[in-house]
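The structure appears below as structure tokens.
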Amino acid sequence: MTNIDEAIHEIDRICDETGVRYEISGLMAGQIHAPHLSKISQIHCRIDHGGESLLGKLGAKAVKEGWNLGVIDSNPRHDLLFRQRVGHVWVTDPLQTYLDLLQLDSGRSKELADHLRLTKLAVPE
């Protein structure tokens, strides 16, 4: 898929149909919670058991460079506990999103983390 929003809708649709829990994290989650960047070209997604089926239905292929969908295997006992439904998608809660952005340490992740902290978490500098 060439459109990130289309990919997110498809992830949500397939997970809903198959009963697989997921949450969007990273830059896309930050952008959903506190819009700040003009364009995001990658999706980080935590997927519960059954993720292989989702990837097959999406037609996802493993690549070494130029990836658009990064899959993070989740631990069903710990992850996905505080996910939130925002519009048409499940995302990490704002605090987890902030922590994920700090760990990414790529591109404008730190800038988006600061914006999220100030606007959504209301924690001053």
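Please name all residue pairs, on different chains or six or more residues apart, with Cβ atoms under 9 Å, provided the first residue is in region 63-92 and is on the phi > 0 side of the Ramachandran plot and the second residue is modelled with pLDDT of 85 or more and surrounded by 10 or more Cβ atoms within 10 Å (Cβ to Cβ). What qualifies is LEU80/ARG21; LEU80/TYR22; LEU80/GLU23; LEU80/ARG46; LEU80/TRP90; LEU80/THR92; GLY87/ILE32. Going by the structure shown, is ALA29 touching a Ser or Thr at 6+ places or on another chain (Cβ under 8 Å), in contact (Cβ under 8 Å) with a residue 60 or more places away in the chain and more than 15 Å from ALA7 (Cα to Cα)? So ALA29 fails the test. A single entry from LEU99, LEU104 fulfils the requirement of being at pLDDT 90 or above and among the aliphatic types (A, V, I, L, M): LEU99.
The values are calculated or read from the model by the stated rules, or taken from the named source; none is laboratory data. Small disclaimer: the values here were computed from a predicted structure and weren't measured. Quick reminder, even Gly has a Cβ in these numbers, built from the backbone with ideal geometry, and neighbours come from all protein chains shown.
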